[in-house]
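S.K.: The structure that follows is given in the form of structure tokens.
The values are calculated or read from the model by the stated rules, or taken from the named source; none is laboratory data. Small disclaimer: the values here were computed from a predicted structure and weren't measured. Every residue, glycine as well, gets a Cβ built from its backbone with ideal geometry; the counts of neighbours run over all protein chains shown. These area figures cover heavy atoms from the full protein model, side chains too; ligands, DNA and RNA do not enter into them. Shrake-Rupley method; radii C 1.70, N 1.55, O 1.52, S 1.80 Å.
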Amino acid sequence: QVQLVESGGGSVQPGGSLRLSCAASRSIFSMYAMGWYRQAPGKQRELVAEFISGGWINYADSVKGRFTISRDSAKNTVYLQMNSLKPEDTAVYYCNARDPPARYWGQGTQVTVSS
């Protein structure tokens, strides 16, 4: 089992920045994958960015060059730095950890980009 606690969401104007944090209850390197998904109203949940065991990083095409995922192993925390935010980035952002066959989700944090 692993518990994931997100923080850092909020409201920002277009072009602004936010940083999300996800604190895990155990070593983030013990998971096969860990990262961020988002779900906008009326849409399916989609991958934003994630670390994959072996050093791989995946980004959604829509956030490449604007969002950066990072991690701090000492704090068992994964971050998502979001720059140049757009209205279409508005969604609930969820932290996700995969430890096959298990998959864990955080409670979600709202990000709203609006003028």
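S.K.: In the range 25-47, how many residues are assigned to a strand (DSSP E or B) and either modelled with pLDDT under 95 or under 13 Å from VAL78 (Cα atoms) (or both)? Talk me through it step by step, then tell me what you get.
M.R.: First, pick out the residues of the range 25-47 that are assigned to a strand (DSSP E or B): 33-39, 46-47.
If we keep only those that are either modelled with pLDDT under 95 or under 13 Å from VAL78 (Cα atoms) (or both) too, we end up with 33-37.
Going through the range 25-47 one residue at a time, the tally reaches 5.
S.K.: Which of the residues belonging to the range 46-70 are touching a residue at least 24 places away in the same chain (Cβ under 8 Å) and aromatic (Phe, Trp, Tyr)?
M.R.: PHE51
S.K.: Let me confirm something: among SER84, SER70, which residue is open to solvent by 40 Å² or more (accessible area, probe 1.4 Å), of a type in the set (S, T, N, Q) and not in a strand (DSSP E or B)?
M.R.: The conditions single out SER84.
S.K.: For ARG45, indicate whether it is of a type in the set (Lys, Arg) and surrounded by 14 or more Cβ atoms within 10 Å (Cβ to Cβ).
M.R.: yes
S.K.: Also, I was wondering about something else. Check VAL92 against each of (1) closer than 18 Å to PRO41 by Cα; (2) at pLDDT below 95; (3) not small (Gly, Ala, Ser) and name the one condition it does not meet.
M.R.: So VAL92 meets the others, but not (2).
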